[in-house]
1. Applying the Karplus parametrisation 6.51 cos²θ - 1.76 cosθ + 1.60 with θ = phi - 60° to the phi angles of region B:143-150, what ³J(HN,Hα) value in whole Hz is obtained for each residue in order, glycine and proline being reported as x?
2. In whole Å, what three semi-axes, largest first, describe the equivalent ellipsoid of region B:24-131 built from its Cα gyration tensor (square root of 5 times each eigenvalue)?
3. In vacuum, with every alpha carbon of chain A counted as one equal point scatterer, what does the Debye formula give for log10 I(q)/I(0) at q = 0.06, 0.08, 0.11 Å⁻¹? Two decimals, please.
4. Dipole of region B:32-210 (Lys/Arg Cβ +1, Asp/Glu Cβ -1, origin at the Cα centre): which of B:GLN126, B:LEU65, B:MET138 lies farthest to the positive side?
5. Shielding of C:46-53 by partners, i.e. mean partner chain Cβ atoms within 10 Å per residue?
6. Once the Cα atoms of region A:372-429 are picked out, what are the Rg and Dmax in Å?
7. Lysine pairs in region A:41-511 with alpha-carbon atoms under 30 Å apart, 8 or more places apart or on different chains: how many are there?
8. Using per-residue counts of other Cβ atoms within 10 Å, averaged over each peptide, order A:219-225, A:561-567, B:176-182 from highest down.
Amino acid sequence: MTSVLEPPVLLPEDPRPIASGALRRPARTDGFWSWITSIDHKRVGIMYGVTAMTFFVIGGFEALLIRLQLASPNGRILDANAYNEVFTMHGTTMVFLVVMPLGAAFMNYLIPLQVGARDVAFPRLNALSYWLFLFGGLFLYSSVFLGGMPNGGWFGYAPNTSIVYSPGHNIDFWIGGLLITGIASTVGAVNLITTCLNMRAPGMGLFRMPVFTWMALVTQFLLLFALPVITIALFLLMFDRNFGANFFNPANGGDPVLWQHLFWLFGHPEVYIMIMPAFGIVSEVIPTFSRKPLFGYKVMVFSGIAIGFMGWGVWVHHMFAVGLGPVSITAFSISTMFIAVPTGVKIFNWIGTMWKGSLRFTSAMLFAVGLVSMFTIGGLSGVTHSVSPHDRQQTDTYYIVAHFHYVLFGGAVFGIFAGIYFWYPKVFGQLLDERLGKVHFWLWIVGFNLTFAPHHILGLQGMPRRIYTYPEGTGWDFWNMVSTVGSFIIALGLLVFFANVRRTDKRHKRDHLTVEADPWDARGLEWSTPSPVPAYNFIESPEIHAVDDWWHRKYTEDEDGRMQRLDDYDKAKASAEEHLKPGQAVHLPSPSFYPIIAAAAIFVAMFGVVYGRSAGANYAITGLGVLVLVCTLIAWALEPSTEPDDALVDADADRLLGLAPAGSAQAELGSGDGGGDQPALTSGGSSGGGAG
Amino acid sequence: MAAVAVEHGSEEVEHQAEASGHAHPPTNTGISNDKVAMWAFLGSECLLFGALISTFFLYRSRAPLGTVKPHDVYDIPFTSVSSFILLMSSLTMVLALSAFNRADSRRAMVWLSATALLGATFLGGQIYEFTVFIREGMTMKTNPASSAFYVLTGFHGTHVGIGVLMLLALVILIRKGRLTPERAETIEIAGLYWHFVDVVWVVVFTVVYLLPL
Amino acid sequence: MTTTEHGPAGHADAPDAAHDAAHDHPTEKKYWIIALILGVITAFEVALTYLDLGDAVAPMLLMGMVAKFFIVASYFMHLKFDARVTRRLFISGLSLALFCYLGVFMMFRQLGPRSDRQDINLIETGVPQR
């Protein structure tokens, strides 16, 4: 069974736009509205990235506030309540609104390209995921204006987050925001899993997929299975708060430990969700800039799968100090120690890839090596946590803060930036300035380590987490100040990055620069397309014969195992630059208004839940939102995923054209259950089942 | 030209028609995207209902003295009947699919309506049951056991309700000729959701109602 | 081109096509019989709760539950006859759920002897409600 792309067709002579259904099908490819209605996975990926970057800046501000407050004893910048809000929002933002969506940005953009497809399995659902992410983040931050931001920590331990101890709406916003973003990720997971399983190019068996795609697939499974658990935890908390349920109410027999179990059953896979895309990115960057294949492809894949599995068996290590008893503690100590193994294997394989490679330290490579080194440090402190007697001392201190910042910032964020520098030319058709990139990297290596290394010391000296200040005489002053200085160096580094982006854009526009398809002489299929990638991705289906097939079209190995350019090298490179010829066109899924409308309906409905708690009449808002949602979903289901002969993209300006050729049936409509489409394959919208 | 595109369309339709219900979509797994997606979603729902069922199981005896817990108020005969009704709705669902596969749209509509009716009856039974329980002093607020009971059965009931709406939508679409037997898979996929909801109730009925404390 | 690949010859070559060519979905009669079996199991389960069999009731009820689950999944949801991937998707979710939630039960001592359980039937709530 293969998934073959439909080849280009000849452009009809009389294109006219079609209106179908309640809302006229959008047809433009440029301008604001084209982004609002776009279902192109590349645009969705870019929107994810830009929005997540914005939240990164906001979360960064929150971090700087924290650091300013803690720089010296008896800090007076934030009082206790404000501090609770800031650290809660910092954590919630960075986890749910930055790292996860940045991963999603890459996964959305790259997966169809890396498997040789034209889009994901369900393009409109993909757009819905993005809009839900945006609206979820907005919902969370609307609390700034509406009575106070969430203040129960990113982990929301009950009963601290119950009505008794959190009577305001702060926590309601936390619950609502996370429920909205949770739907986004679940829907996205179904979408990307289906894409990876079903839409690979001919010859691409699962074990010829790039390692990034594999890591992304594991991440999607983790999302698919972990999100329902936190969804239920959040609903239970919401029912406690809104309807007087007793799930976490100890006075009536509820058990706060249940919250912790449910939260961490989600929470541990969540940390692997955050790191795996970065592992995938680094697995692409390091081989490219070592000019060597990834060391141990199968091992890398299997270790990724192993991490995915084992990640479900360690959640109690977040609860070592709760009093669960020696048997539980021992079992989870051991399982936590074991999970270091597949991760360690990856570290060695990346080093093995670099060994005797022809290394080029571009910005992307620097950040990738940064992940390998910084994540190792974070992993080592993690191993010390697994020793549960010692965790008794470490838990709830800054030692833990050090650990997770090393793995999440030093690991995930560094990896993501490696990806940004690496794929920037592919996505935007511009090459970021390498010198500024290096300045960014070194500022971050210095700043990041200055900020977080002292936390190990502070933690072991006894400084607790989540305290808004500390008195004189603790001896913590010095390292806190060092940490604060470091945090501003991080901020400076990020500014350098933004300056790079702006400068690059201006330079490219001024000098009309372009970038070739394969500026890094890289390995993945995405580099066999022009930069930036045209709307239809590939003109024709690539035929895959090996892992890193694109590389094998350029190079081979001689008898001594040395790399040799193929005679067809230039031909391959030239073919990567090809666009559609004039007169040719390709069928693509059509844009739609319904994803953003559906997301907005859910957004509105959630406000009803927050305010329904104060006055029951407000649940009418929820009712209204749900009604609009149901109508939208019905209209969505009846809207064909591809208009018949509509959404042809031609060579001239990637214009979308609508046609109603004489005699052809209007869309045979799908039916109402959120089915999918195979955008690359349908022409009359009639096979495979319709509306997606 | 336009002609090329039209030809594509009719070839596809022809192919679908001859292999209705058994089309092998050109995907790597041989299963259509819609079906893979539904199964992935159902896998995820196992975790969802698992959390609810576990919470109930953990809390089923947690009732401070003097408060009413679910086991005190169960009417097993009544719930058995409504459980049986839901179980039979799975039968009518497969019969609907079977009819549609044979291109017997009329029969399919009948069975689909029957499924929706049985589902709605089940829901009606649930609602009635709840009113009785509330009258007997067991509300969401009463104790952890009652909270867990209502949230679990409430979530399940909502899923049934969504299913009933979906089924009615399918009946309407078939009636209007917009859903034809070439797309039998749509019915199959709706059926998967429906059977799953039924299977969750199989577990709930045993774990929640029948298992002794 | 894709459409020509899927003529009747294409069917036979495709993986898991064998089942389609050879047999079909269960016949309608089979479905009625399956439904009858499900009904019988349910009746049996309900009857069990009225008999006084002590500790044996729970395992028997659970077995009945598993049997019904398996039957509905395999035959009504067609898992028995479909391609592996659908089975794998469903079973991975199911097994994960079982693993995690049984783990939680064990930590709440719900799977051990009755005396270990921390049920609080007898707790007096001296603490005022909110």
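A short reminder: the numbers here are calculations on the coordinates, not readings from a lab. Predicted model only: the values in this text are computed from it and were never measured. Neighbour counts are summed over all protein chains in view; Cβ atoms, including those assigned to glycine, are modelled from backbone coordinates with ideal geometry.
1. Along region B:143-150, the couplings run 6, x, 5, 5, 4, 5, 4, 5 Hz.
2. Those come to 36, 23, 8 Å.
3. For the requested q values the scattering log ratios are -0.35, -0.63, -1.19.
4. Of B:GLN126, B:LEU65, B:MET138, it is B:GLN126.
5. The per-residue average across the peptide is 3.
6. 15.3, 53
7. 24
8. A:219-225, B:176-182, A:561-567
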